[in-house]
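Written out below as structure tokens is the structure these notes cover.
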Amino acid sequence: MSSNKIIALAGLTLLLTGCGSGYNVQPTVIDSFDMTESLADSKKGATYLSEFLISRGAKNTTVSDLYSRGDVTGLESAHSSGWTGKGKTITVLDVNFDHNKGHGRNVSDIAGLVAPGASKNEFVFRGQLNADKWLITMNSDVVTTSLGFSPSGVESDGALKSRINDFIRDIESSDAVFTVAAQHSNWDGDRDGTDIDGRGGFTNCPNSGVITIADCNTWAAYDLDNDNVIYVGEVNSENEIPIWSNQAGDAHKNQFIVTSSDEITTASNGEPKGNSYAAPRVAGASALVRQKFPSLTGSQAATVILHTADDLGAAGVDAVYGHGKLNVGKALAPVGNLH
């Protein structure tokens, strides 16, 4: 049974108790959390998105198009209610933030689509974070990266390996929600006979069959597994995980969630474009949750995101989809004995 179903049953048990059924109220995952709500943003999300389009000189593209391309359940309604990420900061660690192009630009803009009221830091990762920027990163409400490194490259570069270990230590001890693309370095060669080339370096990451975070992800290889971490995979319009994308796997199923991963450019066609564009959607959602419930810790906000996902695949948290598919609407209205 999925976690969100368990939450719903807890609410039902409460009603039965009130009717004299004799059932005991069962605690839910959020009952110990301080879910005190803040004030919503008076400026609605659609207004921010309209300003974004104007700043980009967009033509023949509307706010409605952006919501369609974002394809995040409950997002437009959340924005209409004033949950925009206002007052929260998202740090994006990536490469190439050039205006209107580049991997980092796309990742950052997707995070901004989901949380248009949030502030953003955009830093080129690897050796280019100086001490001041590093401190800013650790003090952010949400940190996201869609970068990965081949294990062979990490092991041959002592400075990089040390930096990755330091980064993981500091992220896990911070109060940020950290969303990371589930797929980074992966198979060695072509994938299942296709012309999709992997970056290689994981000896346990197969060319065919199931690929998982534990076998095929840089950060998992270096033990990133704290409660404030969410690994993000992608699904297509049929809620299927593409051939190139990691599944949760047993080791990380409790930290795994999926969502759409299309671009938000005019090239958008509704199909998955890579985990890189899924992770910032969850980063933006995390900013909305932390805006509405500012007393939550980073780990608690991550828990709310995970436990309100729409269950996919086998009932409950499973080794394919983890907790299931991101649902912003449910994340902003979690149900438990306190609610």
What are the lysines whose alpha-carbon lies under 16 Å from the alpha-carbon of Lys253, with same-chain residues fewer than 8 places away excluded?
Lys325
Sort His103, His252, His79 so that the residue with the fewest other Cβ atoms within 10 Å of its own Cβ comes first and the one with the most comes last.
His103, His252, His79
Just want the ordering: Trp134, Trp83, from fewest to most Cβ atoms lying within 10 Å of their own Cβ.
Trp134, Trp83
Among Leu224, Thr259, Asn106, whose Cα projects farthest towards the positive end of the dipole of the stretch 3-331, with charges put on the beta-carbon of Lys, Arg (+1) and Asp, Glu (-1)?
Asn106
The long-range amide H neighbours of Thr91, using H built 1.01 Å from N in the peptide plane and a cut-off of under 5 Å, are Asn121, Val142, Val143, Thr144
Using only the alpha carbons of the stretch 3-331, what is the convex hull's orientation-averaged projected area in square nanometres?
17.5
With charges set only on the Cβ (+1 for Lys and Arg, -1 for Asp and Glu), what does the dipole of the stretch 3-331 come to about its Cα centre, in debye to the nearest 20?
940
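Return the percentage of antiparallel bridges among DSSP beta bridges fully within the stretch 3-331, rounded to the nearest 5 %.
Details: 3 of 28 bridges.
Of those bridges, close to 10 percent are antiparallel.
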Between Asp175 and Thr265, what is 0.36 nm times their sequence separation minus the Cα-Cα distance? Round to one decimal in nm.
29.2 nm
Check Val258: other-chain or 5+ apart residues with amide H under 5 Å from its amide H, H built from backbone geometry?
Gly233, Gly324, Lys325, Leu326
Taking the alpha-carbon distance from Lys161 and a cut-off under 24 Å, which lysines remain once sequence neighbours fewer than 8 residues away in the same chain are dropped?
Lys133
Need the full-extension length gain, Ser38 to Ser77, defined as separation in residues times 0.36 nm minus the C-alpha distance. One decimal, nm.
12.3 nm
Residues Thr36, Thr144 arranged by fewest to most Cβ contacts within 10 Å:
Thr36, Thr144
Taking H placed 1.01 Å from N in the peptide plane, check which residues at least 5 places from Gly74 or on another chain put their amide H under 5 Å from its amide H.
Gly329
Cα centroid separation - the stretch 262-285 against the stretch 204-259, whole Å
17
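FYI, it's all coordinate maths here, none of it is from the lab. The shown structure was predicted, so the numbers you read here are calculated from the model rather than taken from an experiment. We place every Cβ from the backbone using ideal geometry, glycine too, and count neighbours over all the protein chains shown.
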